[in-house]
Every structure is written in structure tokens, then in C-alpha cells.
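Reviewing the structure listed below.
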Amino acid sequence: IRCWSNIPFLTVPLSRAHGKSFAHRSELKHAKRIVVKLGSAVVTRGDECGLALGRLASIVEQVSMLQNQGREMMIVTSGAVAFGKQRLRHEILLSQSVRQALHSGQSQLKDMAIPVLEARACAAAGQSGLMALYEAMFTQYSICAAQILVTNLDFHDEQKRRNLNGTLHELLRMNIVPIINTNDAVVPPPEPNSDLQGVNVISVKDNDSLAARLAVEMKTDLLIVLSDVEGLFDSPPGSDDAKLIDIFYPGDQQSVTFGTKSRVGMGGMEAKVKAALWALQGGTSVVIANGTHPKISGHVITDIVEGKKVGTFFSEVKPAGPTVEQQAEMARAGGRTLAALQPEQRAEIIYRLADFLTDQREEILLANKKDLEEAENKGRLALPLLKRLSLSTSKLNSLAIGLRQIAASSQDSVGRVIRRTRIAKALDLEQVTVPIGVLLVIFESRPDCLPQVSALAIASGNGLLLKGGKEAAHSNQILHHLTQEALSIHGVKDAVQLVNTREEVEDLCRLDKLIDLIIPRGSSQLVRNIQKAAKGIPVMGHSEGICHVYVDTDASVEKVTRIIRDSKCEYPAACNALETLLIHRDLLRTPLFDQIIDMLRVEQVKIHAGPKFASYLTFSPSEVKSLRTEYGDLECCIEVVDSVQEAVEHIHKYGSSHTDVIITENEQTAEFFLQHVDSACVFWNASTRFSDGYRFGLGAEVGISTSRIHARGPVGIEGLLTTKWLLRGDNHVVSDFSEHGSMKYLHESLPLPQRNTN
């Protein structure tokens, strides 16, 4: 803990030897000394006269937060000319209005022409006001700021350079934020063709080159260049094929076409890139990002320092494999080729993968053993997660059986006609099933998920991006290799991609132009994080599995303990395990109730009492903290209800719409429960654990969905398909169907082609 002006704040461990830039975005959080360059378009208003005060205040807040974490922040700012222009225009207008009033004797003002204002004069008038504004803003965070005005000569004169360096170091030592700007009041116009001259020389002709020179001179770890575009594009932003470049490497300049410069300021994107590469060569990491977008400008600087995928990151280390964007494009192209295969060919790929799971069993289990040993040595996984991570011969055999079920049931999944309508004579409409596109499946500690999801994606003709937990890295690697080997028999190896780069899940969720559906498989916290992070991409899944079993007064003694034991104890970490047991009030203090409690004690299940249940007991178990708890372990809540109606109401209030069960011999009560409980899966006299794609006969599942749109419950092949409409006509136009046209709508339903049920 450090203190500054009596305000305590946390510091972060920040230290590294300067001389080499960071290789990956994830390392930026270790940056100690940071330069933030604010372009003219960021600092000024849209009318180029005056400052964007709200945006500037947000930037100051972010810089202050990083400074209070123990970092050393410097700002290279534009804005003096714009601020001075506003002041001078005001003065000129005031002066003209006074003269006009004296000359004409009238108080009404006529249209007055504003003379063209010289930039140096504007800078001279605006520098003091700009600095006063920064000081006032930083004071709100108990931070002192200091102004430094420089010219090119200050870097070329050795004595001045040493003085500047010493001043900056002293300011940083005193926890003061230096605010640096070119002294535009005296600086000469930039010389044509005067540019970057190598490692030791850089012409300070604008604030981009100033920021780069300063960053290298001060041995900073990170230079953040904020402009009015998202970053560097492979062609001018706004053009049809322009794509944002996530990581830019030295030597990639040939692949970029530069557009015009921003509406204000002296440099364009080409100047920024040259300055960034010069700084990178000097050992400073660089990110160019948008500082004007209202949705991100409030956290753009802190997002960059946290390593989030914002703007363009300049790196000298080129990864061995493709970027995640390239992988997504490969998956889409491969998925389209996959969808065009014959159903028998897609099935053949899945059968081959099923064979690999048993034939290559030893190799798979050896890789899984490495994952288990590493997880146990690091002690970072709880016992339920270790169980999920573990593979065995029986698990692999079950997986292979499930994959063969998928292959057998996938024969007519893609391209199946589900509706035919004759619109008019010789104008027939069909609705057919098609793949969704590119799926992103994110899963934790579940290597068996990889072949299951891959088989479902193959059967449904979808491209697939897989992001597994690092705790299962070895297992995922071998399983993905076998999947691609199976895909290779029909030349569609690229359809399934495993993301091995350091992509954060949050960054993947922003690829809305490349990914069509996200399916999380893991903890409720993972699902909630993904649902929150997804930007414009639908998420299929459930955030919690709070499953209920209601024991009715007419329940069978023989069935109750079997179903409850299986629902809670067979696999307590599963999302379809029992979490809350609802008991009818009339069953309290009966032999059946005693049997339930004895069985739970024998199975070492920790019991938490609901408020109503606790009120009936003199000495009750620990009262539950929340009735919306997913324990994921040998724990459960017991609560009392007065009727089946109250049980339904309790489930709707506290459940997660996953799986809920009634145990009763009364058919009328059971049907009421089945019809009124609004969950994805509702069972009568059966364990909650049946809520599973394999047990439903789907072969496998990509997950269990509790959403109400598209797919619900265990999601198999059908849930990974959407539809498109095919209209076959013969010179038909809408005008023929007008009031005086020659044709009439028929809208006749046509029989569907017979399905292949083999």
C-alpha cells in the first residue's frame, strides 16, 4: 500500500529490463513506464474549435488510476492550437462587435467574417489554458501535473537533451505526470521528406514522432497512440474490404495501403506507423487505438494495459501459427466445404474419429496423465474439476459409442426439406436446414468435450473454433490432432480449429464478424462471463444448473431413495445433478423422510435447511444462505412445500430452468407438474441425470440450453442447424400478382420428400 495526499492505493509489481519490447499483449500489464499520446482528433471537438472536455476528463481519470497503481505515466498531447483558436475567435468576435456597435450606433450584429488564424498564434494563446485544464482535472485525483514544451532542437542538442531527460526523470520520481507538447508557438514548419532516420535520430515534426522519440529516450515500456480510428487497417478505413490488423510486425508495411490523414493534426496513419516501428526498434511496445469512440474511450487506456485486444499491437515476435482471426476464416471456409459433402462422407469422418478414440487409446491416456500430474502438482484444481479432467478407457469407449450414434443419425441433417409451398404456378418454395456457420465452443477441464463437439459440428456442417482450458492442454492437443486426421480423409482438415494462442476469452467474444454462435461448457461463472463479454454474438447455454426433485405425498418408497441418490451422488459436479430437494409437508416425520435423510448421511451429503424446513426443526442443519445455490459437490438444500402448486412456484422462483423432477404415483399430479414447470427438461419418476444428449439418444451434446430461442435442453445436431428458403420460379415478378395482374397466389402445402431413416 502506498499513500499519496492521505489517499491509500494499491501498487502492482512492475519491473523489467528495458531493451526489448513485450512479445504479447498479455505482458502489457507489466508495463511500468507508459507514454500516452493524444492526437488532435482525440483532444479537439468535431468543429476543430475547442476541446472535447468529456473525453479529456475520461482520459485523465484512466491515467490517474494507472499512476496510482505505481506506474509512471507521461502524456504527449495536442490541443493547444484548437484551444487557442477558440479563444482568439472569441476575442476577435468580441472586438468586432464593439467596433461595429460604436460605428453604427446599433446593438444588432451583422454577419462578421472571421479571419484565418495563424497556427503559431493559436498555439501561443492556447498552451496556458490547455495546461490549466489538465492541472484542474488531475487535481481531482490528488495528482500533480507539469508542462514541458519541446522542439526538435531539444533532442539534437546534447546538453538540452540531457537536461530534458533529467527533468523528466525527476518529475517521475516525485510522482508527477509530465505533459509534453511541441512548442507550436515557435516550431518551424516541417521539412518535406524529413522523416525517421534510423535508431538514433528521429525528426520531431509532429506529436507522433515526438512521442516515439520521447518513449525511446526515456526507455518506456509502452507507448499508447490514441487517434480517431480503431487502429491500423490493411486498407483505408471505410473501404469495403478493410480489416483491422490485430498485431503488426516489422516488414508488414507492404501489405498496408494508407489513406488520408485525420481531419486535424499534422500526421496521418502512415506517420503513426513509422513512429511506432521506430519506437519498437528502440525497445518500446506500441499500441495504436481509437480514443474518440464513446463506447470504449472511457476505458481504452486501461483495457490496453490489461492486455485486452484493443487497437493494433506492434510486436517483433511473429507467432508460429495462424492468428485466431485467420483460424476463424479457415473454419468458415472449411465448414462450407464440409457442408457441401455428401452425408455419407460426413458420417465416414465421424466413424473414423470414433475408431481413433479406441485405436489411439494409449497415446490419449498418456497425454491426459500429463495434464493430471501438472494439475495435481500445481494444486489449482478442486476435486470435482480433476474428475472432469480425467479420461479413462471406459470414458473413451463411451465417447466412441456416442460418436457412432451421431454418425448414424446425421444422414439427413443438412439440406433436409422441412416445408414445401407452391406459391403460384411454377413457383415453388422450400425451407431447408443449413449449418449455423462458425461455432466457438469454450470449455473447461473437459477434454472429452472436444471429440463430442467436433463430431456434432462435422455432422451439422459447421466450422468450429475450440478454446479449451490450459489445464487440459496435452489432452486437447492429441484429440484435436486426431480430429483433423479424420477430417483429412475428405480434405476438410481446416473445418475444426483449436485456439492455442494467448487469446483471452473476452477477446474471442468480440469477433462478431467471424463467429456466429458461442457455446460455453463449464462453470456457471464461465458462462456468465461469456454472456457478459459477448458483443453481438448469441450465446447458447445455461449459467447455472439448479435442479430440483419434488417428493410428492403419493411417492413410491422404493423409487424415492434410488432417484434421489442417483440425482445427487452419481456425479455431483455435473450441471444436471440435484441441488434442492423439495419435500411435501405431510412427509415430515414419516419413515420415508427418515429413509431419505439416512441415505444422504450414508452418502456423506451435507444438508442445508431451507427457511421453511428449518422452522419445523428444533436442531436443524445449517440454514441455507441462498435457495439459488448450485453446489456442484456432495451438498444439497432441503425445503418443505405444502402442495405441488407450491413446488412449481418454488422452482420458478429459485430454479434455473434446467432440469426438474417429480416423484409420485399420482398421474394427475405428475401431469400437472410436467405441464406447468417451465424448464428445459421436466421428468416424472426419473433421475435428473437423464438430462444429457447421449442418454437422450442424440449421440452427444454441445451443451444444455436454458434459453427460450432456437434450441432448448440437451443440444445435439438439430440445435446446430438453422434454415434458409429456396424459391424456384420461371420468369416470375411481383407485379404479375397485383390487382390487375395475370397471376394469383396459391400458397398450397406440398408433400415433403421421404426422409432417410436408415
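The values are calculated or read from the model by the stated rules, or taken from the named source; none is laboratory data. All values derive from a computational prediction rather than experimental measurement. Neighbour counts run over all protein chains shown; Cβ positions are idealised from the backbone, glycine included. Protein only, heavy atoms only, side chains kept; ligands, DNA and RNA dropped before computing areas. Shrake-Rupley method; radii C 1.70, N 1.55, O 1.52, S 1.80 Å.
Beta carbons closer than 8 Å, at least 6 apart along the sequence or on distinct chains, pair a first residue in region 302-331 that is on the phi > 0 side of the Ramachandran plot with a second that is open to solvent by 20 Å² or more (accessible area, probe 1.4 Å) and among the basic types (Lys, Arg) for 307/25; 307/29. When residues in region 669-688 are screened for being over 17 Å from residue 655 (Cα atoms), of a type in the set (A, V, I, L, M, F, W, C) and touching a Lys or Arg at 6+ places or on another chain (Cβ under 7 Å), 0 of them pass.
Being small (Gly, Ala, Ser) and in contact with a Leu (Cβ under 6 Å, 6 or more places away or on another chain) holds for only one residue in 495, 459, 473, and it is 495.
Checking each residue in region 463-500 for being in contact with a Pro (Cβ under 9 Å, 6 or more places away or on another chain) and farther than 23 Å from residue 373 by Cα picks out 463, 483, 497.
For the list (1) surrounded by fewer than 23 Cβ atoms within 10 Å (Cβ to Cβ); (2) under 25 Å from residue 182 (Cα atoms); (3) modelled with pLDDT of 85 or more; (4) β-branched (Val, Ile, Thr), I need the number of the one condition that residue 247 fails. So the condition that residue 247 fails would be (2). Among the residues of region 565-599, the ones that are under 38 Å from the mean Cα position of the chain (by Cα) and either closer than 23 Å to residue 384 by Cβ or modelled with pLDDT under 95 (or both) come to 16 in all.
Candidates 420, 446: the one that is surrounded by fewer than 24 Cβ atoms within 10 Å (Cβ to Cβ), touching a residue at least 24 places away in the same chain (Cβ under 8 Å), in contact with a helix residue (DSSP H, G or I) (Cβ under 7 Å, 6 or more places away or on another chain) and not assigned by the TED database to the domain that holds residue 305 is 446.
Name the helices (runs of 4 or more DSSP H) wholly inside region 352-448 in which the number of residues that are within 16 Å of residue 469 (Cβ to Cβ) is 1 or more. Passing ranges, in order: 361-378, 383-389.
Results for (1) under 25 Å from residue 44 (Cβ atoms); (2) surrounded by fewer than 16 Cβ atoms within 10 Å (Cβ to Cβ); (3) modelled with pLDDT of 90 or more, shown as yes or no for each residue.
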| site | (1), (2), (3) |
| --- | --- |
| 150 | yes, no, no |
| 171 | no, no, yes |
| 176 | no, no, yes |
| 181 | yes, no, no |
| 188 | yes, yes, no |
| 208 | yes, no, no |
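Listed conditions (1) open to solvent by 10 Å² or more (accessible area, probe 1.4 Å); (2) not in a helix (DSSP H, G or I) are all met by residue 465, apart from (1). Elements of the type strands (runs of 3 or more DSSP E) sitting completely within region 492-583 and holding at least 1 residues that are in contact (Cβ under 8 Å) with a residue 40 or more places away in the chain, hydroxyl-bearing (Ser, Thr, Tyr) and buried (at least 20 other Cβ atoms within 10 Å of the Cβ): these cover 547-551. Taking the criterion of being free of Cβ contacts under 8 Å to residues at least 24 places away in the same chain and of a type in the set (S, T, N, Q), the residues of region 150-170 that qualify are 159, 163, 167.
Per-residue answers, yes or no, for (1) open to solvent by 10 Å² or more (accessible area, probe 1.4 Å); (2) touching a Cys at 6+ places or on another chain (Cβ under 6 Å); (3) assigned to a helix (DSSP H, G or I):
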{"position": "283", "(1), (2), (3)": "no, no, no"}
{"position": "294", "(1), (2), (3)": "yes, no, no"}
{"position": "301", "(1), (2), (3)": "no, no, yes"}
{"position": "309", "(1), (2), (3)": "yes, no, no"}
{"position": "313", "(1), (2), (3)": "no, no, no"}
{"position": "318", "(1), (2), (3)": "yes, no, no"}
{"position": "328", "(1), (2), (3)": "no, no, yes"}
